[in-house]
1. Within segment 328-378, restricting attention to residues that are part of a loop (DSSP other than H, G, I, E, B) and closer than 20 Å to Asn419 by Cα, which residue is nearest to the chain's Cα centre (by Cα)?
2. Please give the strands (runs of 3 or more DSSP E) falling wholly within segment 109-158 in which 1 or more residues are open to solvent by less than 10 Å² (accessible area, probe 1.4 Å).
3. Condition first: over 15 Å from Leu85 (Cα atoms) and either of a type in the set (A, V, I, L, M) or touching a residue at least 40 places away in the same chain (Cβ under 8 Å) (or both). Now tell me which residues in segment 113-127 satisfy that.
4. Here's a check for you: in segment 186-202, which residue that is part of a loop (DSSP other than H, G, I, E, B) and open to solvent by 20 Å² or more (accessible area, probe 1.4 Å) is farthest from Ser129 (Cα to Cα)?
5. Can you tell me which residues in segment 207-249 are open to solvent by 30 Å² or more (accessible area, probe 1.4 Å), over 21 Å from Thr96 (Cα atoms) and in a loop (DSSP other than H, G, I, E, B)?
6. Just to be sure, is Val418 under 21 Å from Gly310 (Cβ atoms), among the aliphatic types (A, V, I, L, M) and under 26 Å from the mean Cα position of the chain (by Cα)?
7. Is it fair to say Ala175 is farther than 30 Å from Thr50 by Cα, at pLDDT below 95 and not acidic (Asp, Glu)?
8. When you scan segment 62-80, do you find a residue that is touching a residue at least 24 places away in the same chain (Cβ under 8 Å), closer than 24 Å to Trp166 by Cα and surrounded by 22 or more Cβ atoms within 10 Å (Cβ to Cβ), even just one?
Amino acid sequence: MKRVFLLFALSPITFLSAQDSRKITEPVLPPICSSLDAHLHVNNQALAKTDEDRLDTSRIQQALDACEEGHGVVLRSHGAENAFLSGPLELREGVTLVVDKGVTLFASRDSALYEKTPGSCGLVNDSGSGCKPLIAAQHISGAGIMGEGVIDGRGGEKILGKNVSWWDLAEQARAGGRQQVPRLIVTDAADNFTVYQITLKNSPNFHIVYNHGDGFTVWGLKIDTPKRGARNTDGVDPGAGSKNITITHSFIRTGDDNVAIKGGTGGITNMTVSHNHFYWGHGMSIGSETNGGVSRIRVFDLSLDGPDNGIRIKSNGSRGGLVHDVIYDDICVRDSPNPITFDTGYTAAGTVEGNLPPSMRDVTLHNIRVSGGGKISFNGYSKAFRIATTLDNVLLTDPASYSYSIHHTDFLEGPGPVNLKLVDGTDSTSQGTPGKGSAVSCADKFVPFPKP
């Protein structure tokens, strides 16, 4: 790597500010329009086999349909009965579904209930999406999902009438094809959508998807899904055509990306990820879709404890675009094989090369502390489509324990200390003079996952 002075692509750090343009305060539960009593019982976190046909779908949907805007439907326990069983549900304008403390809403394991067309769900094929989600919010505003209860997608349990689980289908799809399985919560054009306090578990696929919306608040969410054997179970995926998003005060451990900011067609902008704790998973991710553009992202006060990846931006030449104006601040990563990964050759999405080359610029890492070893990657796409990043107070507590992959990247180092070894990059440059100093302790950042 040559050390030169550059007058383009790099800019000095601007101090952190939240990028969701809304004023965000802690949500509150809405007034209640109706309360539904549980008829089923949770036994060792599961339902009895004899209860699998005792669906609550119709009465929950009827209550949602009848509820007035600004109010909520509560699922509550009744004596020893503390569970509901449902197929697909649709939220309505301004209506919140509240799962009360001590209550579990289980997703049915009957694939026929989720079919978009006959026979389209519960298999692996080459078709498009064949399954409805458990909970949908489409072309509405002011809706939400709240409460201290649990929504369990049962991804690891066998589909009724079959000898495979939803997650088994995901594993089978590694050999080719697409797993036709439901997601837990999917919104489309649902402005001012709120997720508050709820615990989500074991989604067959992504837990929450938010597309084409303006205003999405996630506060106090817990996602609790196994590290292994739960393929494609992303935690929260803000997606294409969305803006003004906040994910805060949440705890996420799952089998894929903890959070994945997906900048497909329409792009994504104005997002804040703050005061969160991530555990196992594939990290705090942007991509792999960046073809619509990703901008004005702020991630701060985050711990990543034992994830497969830590801070991660991923894309490739078949779905790339510009990622810019992104700041990571006050981040602690430990025991991750890939604590910092900027990758423009991500292959899970298909071909690496294509006519949509990715680039990243004005991306700042500030007050980052990493421990436990691993691989640091800054892999730009080409000489013309590069990574331009600022490193300010980025410190490895055990610098001898890391390997590096650096290509087509321009670094601005300082004014805070930086102890990454960036001298052997291919077609890469560095400027700036890092200061001296040691990493601030992360001891207070790493907290246990909340007990049920």
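1. Ser336
2. Details: elements: 123-125, 135-138, 144-146, 150-152.
Of the strands (runs of 3 or more DSSP E) lying wholly inside segment 109-158, those with at least 1 residues that are open to solvent by less than 10 Å² (accessible area, probe 1.4 Å) span 135-138, 144-146, 150-152.
3. Ser120, Cys121, Gly122, Leu123, Val124, Asn125, Asp126, Ser127
4. Selected residue: Gln197.
5. Pro226, Lys227, Arg228, Gly229, Arg231, Asn232, Gly241
6. Considered against the rule, which asks whether it is under 21 Å from Gly310 (Cβ atoms), among the aliphatic types (A, V, I, L, M) and under 26 Å from the mean Cα position of the chain (by Cα), Val418 comes out as no.
7. Values: farther than 30 Å from Thr50 by Cα: yes; at pLDDT below 95: yes; not acidic (Asp, Glu): yes.
Yes, satisfied.
8. Checked segment 62-80: no residue is touching a residue at least 24 places away in the same chain (Cβ under 8 Å), closer than 24 Å to Trp166 by Cα and surrounded by 22 or more Cβ atoms within 10 Å (Cβ to Cβ).
The values are calculated or read from the model by the stated rules, or taken from the named source; none is laboratory data. Quick caveat, the model's predicted, so the values are computed rather than measured. Heads up, the Cβs are rebuilt from the backbone with ideal geometry, glycines too, and the neighbour counts pull from every protein chain shown. When the accessible area is computed, the model is the full protein with side chains, heavy atoms only, and any ligands, DNA or RNA have been set aside. Shrake-Rupley method; radii C 1.70, N 1.55, O 1.52, S 1.80 Å.
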